[in-house]
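The numbers here are math on the coordinates, done by the rules we state, and not lab data. Quick caveat, the model's predicted, so the values are computed rather than measured. Glycine gets a Cβ as well: all are built from the backbone with ideal geometry, and neighbour counts include every protein chain shown.
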Amino acid sequence: MDVVKTASVDTLLSTRARLKPPASRLVARGDVAPLYLFAGGQPDPYSFPYDDLVEATREALQKEGRGALSYGDALGYLGLRELVCEKTRYYEGFEISVDNVLITNGSSHALSLACDLLVDQGDPVITEAPAFSGTLNNFRKYGPQLIPVSLDQEGIRTDEVEERLKELQREGRRAKFIYTIVNFQNPAGMTQSLRRRTELLDLADKYDTFILEDDAYGELRYSGEAVKSLFGLDTNGRVFRTGTLSKILGAGVRLGWILAPKDVIPKFSAMKTDGGTNPFVSRVATYYLRKHMHEHIEELRGVYRQKRDLMLERLQAGLGDSATVSHPDGGFFIWIRLPEGTDPQKLLDLATERRIAYVPGPSFYPDGVSGLDHIRLAFSNSNLDEIRQGTDLLCEAIRLARG
Ligand SMILES: Cc1ncc(COP(=O)(O)O)c(C=O)c1O
């Protein structure tokens, strides 16, 4: 039946639904679909292990029968929780038990659960700035006071974190948590040093707060040495750590997790009443990963390393030293400080004309205004030809976009 008249829900909206992210000062004009998809952090669609997933689906159904299609365990499919333990042991080098793991609908869901558990409107949450725009929007639904802390080459500035925590203490308040993306920070690219990790843990302890450690890309390291995770270093139950299969298997599987101390997992679990997260796909993913996880991750590292290196090479060729370009050891993104005097709106217009999509800097700041002199490029979702052509065209646009 066609809907003749749409009733308006606007007068009945919840306070949460009325909360709005800050309006962007930059507007993308033109409606031609981009050809060079450097905006979102989509994994390479050609890397999806299609045939092996078909095989894993068959195996999961054969071995688990009708149970595979029933409602699931509130904490998630046990096989996947065991796999997260194995993955943590292999890639992070520390032991956890299944009682530390709650399966979620991607790590975005895990990050929301941290807010469900801890954040009321107006509550202080400390976040790196810049930080992943999706998480900032995720947090904004809860109406927190987002308190930005800047980054340097070692990651989050712990001296600034302490200043902010002291200010809150003087007001008789405590931060609900400190949000940090530890590896190949999205968007800025650096990996948090061990020294900063230790300092952050000390600060969480001293000011009696928690750390929300987001590690969406940890396995996708193409150079440099891994640094132990905050969760693995923590001895005081101060860290909740989120992870995901989105980047190493496929964002469409919508599977992630939160690691937390055993006594906190049931509290997170109580915040989700969904009949178990993706019980069927959890089985497919588990059967696939049990057989192929290591070789697949190794293959992805090769694919993305080549893409990263090519984009960096073309940026160097096109911009030389006029711009500051991040050199991440992993992940999907390159963060560029534009040459002095670049007009950000003019750049967006010139790039749109050239059918290039990227994310302007302000999306990554809590105030939605800072970062006009930065852009983020994703190299993950384009093939090598697209990276070569698109980056060269973008460099041309940057050179033309002087104010
Ligand atoms: C830093 C970071 N955290 C979390 C996510 C959320 O990913 P998902 O919900 O697909 O697990 C992303 C996705 O791009 C990300 O870049």
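Too long at a 23 Å Cα-Cα cut-off: which of K141/K262; K206/K247; K247/K291? Kindly include the intermediate steps, with their values, before the conclusion.
On the way: K141/K262 27 Å; K206/K247 35 Å; K247/K291 18 Å.
Correct reply: K141/K262; K206/K247.
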Taking R0 as 45 Å, what's the FRET efficiency between D99 and T15 from their Cβ-Cβ distance, rounded to 0.05? 0.80
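Test of understanding: what is the full-extension gain from A23 to E82, defined as 0.36 nm times their sequence separation minus their Cα-Cα distance? Walk me through the numbers on the way to the answer.
Numbers: separation 59, 0.36 × 59 = 21.24 nm, distance 4.28 nm.
Result: 17.0 nm gained on full extension.
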What's the extension gain from D51 to R290 if we count 0.36 nm per residue and subtract their Cα-Cα distance? 84.5 nm
Let me have the 222 nm mean residue ellipticity of the chain computed from DSSP H runs of 4+ only, each contributing -39500 (n - 2.57), with the sum over all residues rounded to the nearest 500. -12000 deg cm²/dmol
The range 361-403 and the range 125-176: distance between their alpha carbon centers, rounded to Å: 25
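Hydropathy first: keep DSSP H helices in the chain averaging at least -1.0 on Kyte-Doolittle, then drop any whose Cα extent along the axis falls short of 20 Å, and list what survives.
Details: long enough: 50-64 (21 Å, -1.07); 279-319 (48 Å, -0.65); 384-400 (24 Å, 0.05).
The answer, listed by residue number, is 279-319, 384-400.
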Find the relative contact order for the chain and round it to a whole percent, using C-alpha pairs within less than 8 Å whose residues are 6+ positions apart. 26
Just to confirm my numbers, what's the Cα centroid distance between the range 188-210 and the range 26-98 in Å? 29
What FRET efficiency would be calculated for the residue pair Q345, L384, taking the C-beta separation as r and a Förster radius of 41 Å, to the nearest 0.05? 0.85
Ordering 95-106, 193-204, 21-32 by per-residue average of other C-beta atoms within 10 angstrom, highest first, gives 95-106, 193-204, 21-32
Arranged by the count of other C-beta atoms within 10 angstrom, fewest first, what order do S47, S108 take? S47, S108
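For a Förster distance of 41 Å, can you work out the FRET efficiency between the beta-carbons of R402 and S70, rounded to the nearest 0.05? Spell out each step's value before the answer.
Numbers: r = 61 Å, r/R0 = 1.50.
My answer for the efficiency is 0.10.
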Take each of the peptides 288-298, 126-136, average the number of other beta-carbon atoms within 10 Å over its residues, and list them starting from the highest. 126-136, 288-298
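In what sequence do K267, K87, K206 fall when counting other Cβ within 10 Å, fewest first? All intermediate terms of the calculation are to be shown ahead of the outcome.
Details: K267 15, K87 21, K206 12.
The most exposed by this proxy come first: K206, K267, K87.
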What are the semi-axes of the equivalent ellipsoid of the range 50-292, taken as the square roots of 5 times the eigenvalues of the Cα gyration tensor, listed largest first and rounded to whole Å? 32, 19, 15
